[in-house]
1. Quick check on the range 32-44. Is at least one of its residues at pLDDT 95 or above, in contact with a strand residue (DSSP E or B) (Cβ under 8 Å, 6 or more places away or on another chain), closer than 22 Å to residue 106 by Cα and crowded, with 21+ Cβ neighbours inside 10 Å?
2. Applying the selection to the range 184-214, what residues are surrounded by fewer than 12 Cβ atoms within 10 Å (Cβ to Cβ) and modelled with pLDDT of 95 or more?
3. So which helices (runs of 4 or more DSSP H) stay within the range 21-114 end to end and still have 3 or more residues that are in contact (Cβ under 8 Å) with a residue 60 or more places away in the chain?
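The values are calculated or read from the model by the stated rules, or taken from the named source; none is laboratory data. This one's a predicted model, so the numbers in the text were calculated from it and none came from an experiment. Here the Cβ positions follow ideal geometry from the backbone for every residue, glycine too, while neighbour counts run over all protein chains shown.
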C-alpha cells in the first residue's frame, strides 16, 4: 500500500513533468500496461476534479492507465454519488490519498456568482443543483470587500469551493472519517492553473497541523 505522503509526492513530481513537458515513458499507454490492469487496479490516488475539458487529471499529473481513480463533475462539487465513489475507492483499493482538484477560471464558480448577483428564473433544476452546492462556500465572499474586485472574488471563490468540497468529504462520511483518523487517509485540496499548468496543493490539514507545532 502506498502512503498518502508518497502518493502526494508522486502527484507533485508528475505535475512537474507535465509543466516542463518532460513526460515519463512509464506513464505512456501500451499493450503491456493495458493487459496488466485488465483484471485489477491499484490506483494510488483518488482525484475528485472538475469536468472542465482543460483539466484531465491523468495528463495534469503525468500518470498512466490504472494509476488514478478519477471522479469528475462540474465545479468539483460533493454530492452523495461523489462521496460514494470516494468511499468505494479508498475501501476497495486501499487508496490513501484523495485530492479535490479545482481550477482557475472555473465556469461553475462564475455561474454561481452570476446567479447570486442576478438570479435566473430560467435555469434548469439540474444546473441549479450544481449552483446550490457551490453557493454556500462563495456567497459569504460577497459580504466582503472582494465584491468590488471581480477577479479577486473569482479567485477566492474557486479556493473557497475547493476547501468546502474537501471538508465535506472529510466530515460527510463515517467511513472516510474513520479512515482519516485510524488508517492514514488524507483529503487534500488543490488548484490547477489553466495559464501555467501548475497544481497548487493548498488545503492539507496534515501540513497545517504540523506547522502549528513547529
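1. No: the range 32-44 contains no residue that is at pLDDT 95 or above, in contact with a strand residue (DSSP E or B) (Cβ under 8 Å, 6 or more places away or on another chain), closer than 22 Å to residue 106 by Cα and crowded, with 21+ Cβ neighbours inside 10 Å.
2. Going residue by residue through the range 184-214, those that are surrounded by fewer than 12 Cβ atoms within 10 Å (Cβ to Cβ) are 195-196, 208-214.
Answer for the range 184-214, where residues must be surrounded by fewer than 12 Cβ atoms within 10 Å (Cβ to Cβ) and modelled with pLDDT of 95 or more: 195, 196.
3. Filter on the range 21-114 gives 80-92.
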